[in-house]
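Comments concern the structure below.
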Amino acid sequence: MLKRATISDVAQKASVSIATVSRVLNKASNVRPTLQRRVLEAAAELNFRPDSLAQGMRSNKTGVIGVVVPNLQNPLSSEAIVGIEEELTRLGYTQFLANSRYDRLREEKILKEFSRRRVDGIIAILDRDDDPAAIAQLRELSMPLVLLEREVGSEFDSVRTDQIAGTYRATRYLLSLGHRDIALVTVPSNNMSGRYRLQGYENALADAAIPIRNELIRMQGYTRGYALDASYSILSARDRPSALIVSGGMLAGVLEASRQLNLVIPDDLSLISLGDTELAGLMRPGITAIRYDWAETGRVAARRVVDRLNGDRSEASRFIVPYEFIRRESCLDLA
């Protein structure tokens with residue numbers, strides 16, 4: 001095997017000191033252009049590659065951001081991860097990605113592993129953001145933290161989509177078409193997304209003076225299977241709703257329940273997805289959706305954590321990424 005070139009080899013070939021090579025590789029400003037060029041040419045000729053682990057140990061930085069999400073299969077979370085990766089790469093960082101699977105014990109171990117591996121910062125979509133144990137662990141972290149689609153008081157930077165306004169818009173749209181019995185199937189209220197979606201839904205009904213029917217609200221799960229069971233229960237009732245609003249990651253479950261009950265969209269059921277997934281666009285008829293720019297939330301979170309690493313010591317900030325209303329053919333006009 002060929003011997004790997006070392007920094008000493010580069011220094012010898014360029015006829016400079018090891019300290020000069022180190023300054024050039026670390027892009028120090030106090031190196032003459034001629035010396036810089038000589039060192040870089042020597043490094044290229046020797047095919048020299050810096051040892052990133054050793055560099056990290058010396059500089060106390062790893063160039064790695066830990067990213068934890070609760071469900072890698074959720075298409076909306078996947079979009080956020082793409083945005084995070086794109087922006088971190090542009091900024092010279094890599095990501096260490098982990099999936100908590102909505103398991104608090106697994107999430108706890110992941111955060112401990114991030115600390116053990118000394119990642120420079122963390123971007124996290126928590127299992128839930130109202131868990132005292134989780135909040136206590138976040139407070140003990142020694143590196144910058146940015147929450148994505150979660151909020152914990154005003155202690156930590158957070159980036160989120162505008163779930164209140166988006167769900168309000170979806171509900172008001174259905175109300176404008178003459179629907180009065182509108183169901184909501186979404187994620188639990190023990191995290192920000194669920195709380196804010198419920199708030200937007202209830203605000204829209206209240207503004208229209210429509211009583212809230214608690215039996216039309218299901219918020220106890222995250223999966224397609226849960227959505228299938230929840231929507232089947234709602235839609236098989238004698239006084240079933242004429243419309244339903246569902247989380248984008250759970251849309252397939254509602255569509256399957258509709259199929260099993262022989263309900264035609266939009267003739268028998270009007271449907272809106274909170275999150276514009278590929279499925280919503282490919283369905284026929286197309287599913288009207290609230291489109292959240294999840295990739296942009298990831299990019300904003302990545303920029304924020306790097307800003308903190310670069311010395312930003314301002315108070316914790318909340319960033320809200322706006323939504324788009326995508327009108328397709330899944331809502332029937334009853335007016």
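The values are calculated or read from the model by the stated rules, or taken from the named source; none is laboratory data. The structure presented is a predicted model; accordingly, all values stated were derived computationally and were not measured. Positions of Cβ are backbone-derived with ideal geometry, glycine not excepted, and every protein chain shown enters the neighbour counts. When the accessible area is computed, the model is the full protein with side chains, heavy atoms only, and any ligands, DNA or RNA have been set aside. Shrake-Rupley method; radii C 1.70, N 1.55, O 1.52, S 1.80 Å.
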Additional length obtainable on full extension of the chain from Phe96 to Val264, 0.36 nm per residue less Cα span: 56.1 nm
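Efficiency by 1/(1 + (r/R0)^6): what FRET value for Ser15 and Ser154, r their Cβ-Cβ distance, R0 = 56 Å, to the nearest 0.05?
0.50
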Label-to-label distance, nm, for residues given as Arg32 and Leu105 (7 Å Cα→Cβ offset): 6.5
Amide hydrogen neighbours beyond the local backbone of Ser270, cut-off 5 Å, H modeled: Ala243, Leu244, Leu332
Per residue, in Å², the accessible surface of the chain once ligands and nucleic acids are set aside, probe 1.4 Å: 50
J(HN,Hα) series, the stretch 94-102, from Karplus relation 6.51 cos²θ - 1.76 cosθ + 1.60, nearest Hz, glycine and proline x: 10, 10, 10, 9, 9, 10, 7, 6, 6
Charge dipole magnitude, Cβ of K and R +1, D and E -1 - the stretch 128-217, Cα centre, debye nearest 20: 340
Farthest toward positive dipole pole in the stretch 234-297 [+1 Lys/Arg, -1 Asp/Glu at C-beta], among Ser270, Thr288, Ala237: Ala237
Beta bridges per DSSP with both ends in the chain, % antiparallel, nearest 5: 10
For Phe96, residues with placed amide H under 5 Å, excluding near neighbours: Ile65, Gly66, Val67
Ser233/Asp333 FRET efficiency (R0 22 Å; Cβ-Cβ; nearest 0.05): 0.25
Point-charge dipole on Cβ atoms (K/R +1, D/E -1) for the stretch 203-249, about Cα centre, debye to 20: 120
Gain on full stretching of the segment that runs from Ser8 to Arg180 - 0.36 nm per residue minus C-alpha separation: 54.3 nm
Among Tyr201, Ala28, Gly298 the positive-end extreme of the charge dipole of the chain (Cβ point charges): Ala28
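What's the FRET efficiency of Arg318 with Ile210 using the Cβ-Cβ distance as r and R₀ = 41 Å, to the nearest 0.05?
0.85
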Computed over the chain: relative contact order in percent, which uses C-alpha pairs under 8 Å that are six or more apart: 18
Nearest-20 debye value, the stretch 181-335 charge dipole, Cβ charges on Lys, Arg, Asp, Glu: 440
